[in-house]
Amino acid sequence: MRISRIIVTAACLAVSACATQRADDSALNSPVSPTTGEEKQERARARIHTELAASYYDLGNMGVALEEVKEALGADPDYGPAYNVAALIYARLKEDRLAEQSFQRALSINPSDFDTLNNYGSFLCERKQVQEAIKHFLAAVRNPLYPFPDRSYVNAGVCARRGGDLAGAEEYFQAALKTRPAHPQALYQLADLYYARGDYAGAKGYLGRLTQVSQVGPEALWLGVRLERRLGDRNSEASYALQLRNKFPNSRETRALNAGQYGQYE
């Protein structure tokens, strides 16, 4: 099933949540039959319906996604991943109370579930509960089984930046790069942070690394235009501007470029 991730072409200050479903590693309710060693029928039904719910969530079909997750919980009321997906669905439907309850139920079943911790952190950050959100992102990172700690570090950085903690944001983005040196969003965010503080040489370094490892979106190209303008490199500025106009002619960044609205982004 698809997993939504932060990418550079997404909005700069968005945190990512994932409608992913894995085998439940909760020790509170074993999914395996002690006699046959196979997955219990109820757990298998819950897992399948949760996978379907996550797929419909990714497709934007919240009605069917909600039906599937209810089927999953009807089959196995102690299946943590189903509550995680249910929380994402309720959040998308703006049913925040039900989303909160579902996240908390998932974590009561498995407090170290990194998917739920990351998603709950995203939910909290979007609702301006910055410190609580970061606490959950870092809890996800502490799980040694988490395959994507860079994702939660970037989410923590984005959330810290949203809350005005620029030093903390930089620390989290740097931590993401230690985990995954070519992480596109961490590189973009650092380039943007350095530009904002007037360290144009530092911003150029991170932006250069970004363009070497990833296809960049309109935000990064527009940053390149403004950065090279500050540095006085007209050829590089023109190169970024040409890429922006050719690749993203209808973007708000291209409209700003065509209107000469550099100051609105300073």
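Each reported figure results from applying straightforward, stated rules to the coordinates on display, with no laboratory input. Just so you know, these numbers come straight off a predicted model, no measurement behind them. Neighbour counts run over all protein chains shown; Cβ positions are idealised from the backbone, glycine included.
What the table below lists for this structure:
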| item | result |
| --- | --- |
| Nearby aspartates and glutamates by direct alpha-carbon distance to Lys247 (threshold 16 angstrom, same-chain neighbours under 8 apart not counted) | Glu219, Glu237 |
| Sorted by Cβ density within 10 Å, fewest first, the residues Cys18, Cys159 | Cys18, Cys159 |
| Eligible lysines near Lys94 by straight Cα distance, threshold 27 Å, same-chain separation 8 or greater | Lys70, Lys128, Lys135 |
| Estimated dipole of the stretch 181-266 in Debye, rounded to 20 [Cβ of Lys and Arg +1, of Asp and Glu -1, Cα centre] | 140 debye |
| Of Gln185, Asn235, Gly263, farthest towards positive along the dipole that unit charges on Lys, Arg, Asp, Glu beta carbons give the stretch 181-266 | Asn235 |
| Taking His49, His136 and counting other C-beta atoms within 10 Å, the order from fewest to most | His49, His136 |
| Between the stretch 125-180 and the stretch 212-260, the Cα center-to-center distance that results, in Å | 28 Å |
| Simple label model, 7 Å out from Cα along Cβ direction - Glu126 to Arg142, nm | 2.6 nm |
| Neighbour-count order for Ile109, Ile48, fewest beta carbons within 10 angstrom listed first | Ile48, Ile109 |
| Dipole in debye (nearest 20) - the stretch 142-206, about Cα centre, beta carbon charges: Lys, Arg +1; Asp, Glu -1 | 160 debye |
